[in-house]
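A short write-up of the structure that comes next.
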Amino acid sequence: MNILLLGSGGREHALAWKINQSPLCNQLYIAPGNAGTPQEGINLNINANKFNEISQSIHDYNIKMLIVGAEQPLVEGIYDYLNERHSDLIIVGPSQQAAMLEGSKAFAKEFMKEMNIPTAAYQTFNLENIQDGFKFIENLNPPYVLKADGLAAGKGVLIIDNQEEAKESLKEMLEGKFGAASQNVVIEEFLSGIEFSVFVLTNGKEYQMLPIAKDYKRIGEGDTGLNTGGMGAISPLPFVDNTLKEKVISRIIEPTIQGIQNRGLSYNGFVFFGLIEVNGEPYVIEYNCRMGDPETEVVMPRLKSDLVAMFLAMHEHHLKDFKVEFDERTAVTVFLVSGGYPEAYEKGKTITGLNNIENSIVFHAGTKAEGGAVLSNGGRVLAVTSYGKDKEEALQHSYNNIKKIHFDKKYYRTDIGFDL
Ligand code: AMP
Ligand code: GLY
C-alpha cells in the first residue's frame, strides 16, 4: 500500500526509515520531509497544516495509510477532517477530542484525576480567579510550576523559584504571554526525580508498548542552560526495572486506556507518557498524542517488529495478539545543532562528511537539499544514532561519526547518558 507521513523532523526521518523497511509499504511519501527523507521515500512539497492539500494528495497518490508525526495538526483536528472525506484511509493519530490529552494541560490533569493516575497536585486558573491563583502559590512550596494550558511550541512551562516572580508570571501568562494558549494556566506541585518517556500504540482498547527511552532536553553539559527540542536520547534505561515498569503499566498505561474508553474518545495512534520517577514511584508530567523527538530516533531502531504491520493490527483490532520484538542492544542518538540554538542561530550552512559514516545512522532534522548540497535549515540539524552492547559502545560510534560531519558553528553535547 502507499503510505503518507506528515512532518519534517528527525522523528519523521526515523519513522520513514522504519516504515520503508516494511514489505507492506509499496510507496512512501513524506510531506514535506527534509534532505534525508528522500532516502526512504518521495518528498511532497505540501504543508502538513493545510488539510485540504493533504486530502488532495491522498486522492492523487492513492494513499491507504496516513501517519501524523507532530501534534499541531492532530490538535487542530486532522483526523476528523480526513476521516470524514476518506472512509477507507487508515489514520495513525487520534481525533481532535482525544488529542486534547496533549492540547490542553487542564483537560489532561482532569482526566488523570478522574482515573486516579499519579500526577503532581494542581489547580487551574484564569483571569477571573487570578486572586485564588496568588493564594494557591502562597500555599505551595517552591519551585513553582506554571503551565500554559494550550500548545506553546514547548515553551509554555515555567519553573520559578521566587514566590513574587511566580505571581508576576501568572499574571503575564493570563494576560496573553503565550496568546490564547495561556488564557488558562495550570499551577502544580514541583516533582523532583528522573524523567523518562514511555510510548504505546493503541486503538483505544488494546495497546502495545514500544521501547522505553529518555531524552536530554537542556542545551548545556550536565543538563544545564535553556530547554531545547532535545539534544540526545537513550534506550533502554537501566533504572527502569521490572518493578517500576509494572507500576507504569498498572497505574498509568492501563487506567489511561480505560479513561479513553470511558470518555468514548476515538484514539488510534501513539500515546507518549512523559513520566518522572520519584522515590521509586512513577508520576505523569505530561501526555503527548504523538511520538517523541529525539526519542523516536532510538525507539524505532530498537523496534524489530514491522511497524506497518503493527499499524494494521491497531486498525483491525488485533493489536493485543501482535508480537512486538525489541532489539536487545542499547541505542543512543546525539543531536548536532546550529551554534546559538535554542536562541538566535544561522541557517543555510553547507553540511559535509555525510558519506563517510560507519556504524551509525544519520537521521536528518533541520536540513534541506539545494543544488546537490545539503544545507542546515533549523536549530536541530542531524541526529546521529548508533547501537552498542552498552551505552558506552553506542556513544563511541556516534561521537566518532560526529567528528566526520562538518558545518559552520556545529554544536553538540558530549555527555549524553551521563546520569545513567
Ligand atoms: P511539559 O511541557 O509538561 O513536559 O513540561 C516541560 C518540562 O518541565 C518537563 O519535561 C519537566 O522537565 C518540567 N516539569 C513539568 N512539570 C513539572 C513538575 N510538576 N515538576 C517538575 N518538573 C516539571
Ligand atoms: N522529547 C520530548 C518531546 O518530543 O516532546
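Computed values, structure above
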item	result
Karplus (6.51, -1.76, 1.60) ³J(HN,Hα), θ = phi - 60°, over region 320-333, in Hz, Gly and Pro reported as x	4, 8, 6, 8, 9, 10, 10, 6, 6, 5, 7, 10, 10, 9
For the chain: relative contact order, % (alpha-carbon pairs under 8 angstrom, 6 or more apart)	17
Label-point separation in nm, residue 114 to residue 344, each point 7 Å along Cα→Cβ	4.7
Scattering curve values for region 2-95, log₁₀ I(q)/I(0), Debye with Cα scatterers, q = 0.12, 0.22, 0.25 Å⁻¹	-0.30, -1.09, -1.42
Which of 294, 260, 272, positive extreme of dipole for region 254-298 (C-beta unit charges)	260
Size of electric dipole in region 299-420: Cβ of Lys, Arg +1 and of Asp, Glu -1, about Cα centre, debye, nearest 20	340
Student exercise, the chain dipole from Lys, Arg, Asp, Glu Cβ charges, in Debye to nearest 20	800
Label point distance in nm, residue 414-residue 183, each placed 7 Å from Cα along Cα→Cβ	4.9
Measure of compaction for the chain (Cα Rg per 2.2 N^0.38 Å)	0.96
For region 103-159, alpha-carbon Rg relative to the globular expectation (2.2 N^0.38 Å, N residues)	1.17
Whole-Å distance, taken between Cα centres, linking region 35-88 and region 112-175	35
Length-normalised contact order for region 194-321 - Cα pairs under 8 Å, 6+ apart - percent	34
Point-charge dipole on Cβ atoms (K/R +1, D/E -1) for region 194-321, about Cα centre, debye to 20	220
log10 of Debye I(q)/I(0), alpha-carbon scatterers only, for region 192-253 at 0.20 Å⁻¹	-0.88
J(HN,Hα) series, region 37-47, from Karplus relation 6.51 cos²θ - 1.76 cosθ + 1.60, nearest Hz, glycine and proline x	5, x, 5, 10, x, 10, 6, 10, 7, 10, 8
Ratio of Rg to Rh over region 200-356 (Cα coordinates, Kirkwood Rh, two decimals)	1.01
Length gained when the stretch residue 320-residue 52 is fully extended (0.36 nm per residue, less Cα-Cα span)	93.1 nm
Neighbour-count ranking [beta-carbon atoms within 10 angstrom, fewest first] of 321, 88	88, 321
For region 121-188: relative contact order, % (alpha-carbon pairs under 8 angstrom, 6 or more apart)	46
Estimated D of region 330-402 in µm² per second, where Rh is the Kirkwood radius over Cα pairs and Stokes-Einstein applies at 10 °C, 1.306 mPa s	124
Listed residue (207, 242, 227) projecting farthest to the positive dipole end of region 194-321, Cβ model	207
Coordinate range along principal axes, alpha carbons of region 199-290, Å, largest first	44, 27, 19
Rg/Rg_ref, region 268-414, where Rg_ref = 2.2 N^0.38 Å and atoms are Cα	1.22
Nonlocal amide H pairs with residue 285, under 5 Å, H built at 1.01 Å	274, 275, 276
Positive-pole candidate from 65, 27, 89, dipole of the chain, charges at beta carbon	27
Alpha carbon centroid spacing (whole Å) that separates region 322-379 from region 1-33	17
³J(HN,Hα) computed for each position of region 277-287 - Karplus, 6.51 cos²θ - 1.76 cosθ + 1.60, integer Hz, glycine/proline x	9, 10, 6, x, 10, x, 10, 8, 8, 6, 9
Taking 226, 303, 89 and counting other C-beta atoms within 10 Å, the order from fewest to most	226, 89, 303
Overall dimensions of region 121-188 as given by Cα atoms, namely Rg and Dmax in Å	10.5, 30
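Laboratory data are not the source of any read-out in this text; all were calculated from the coordinates shown. Everything quoted here is computed from the prediction, not taken from an experiment. Reconstructed Cβ throughout: ideal geometry from the backbone, glycine too, with neighbour counts over all protein chains shown.
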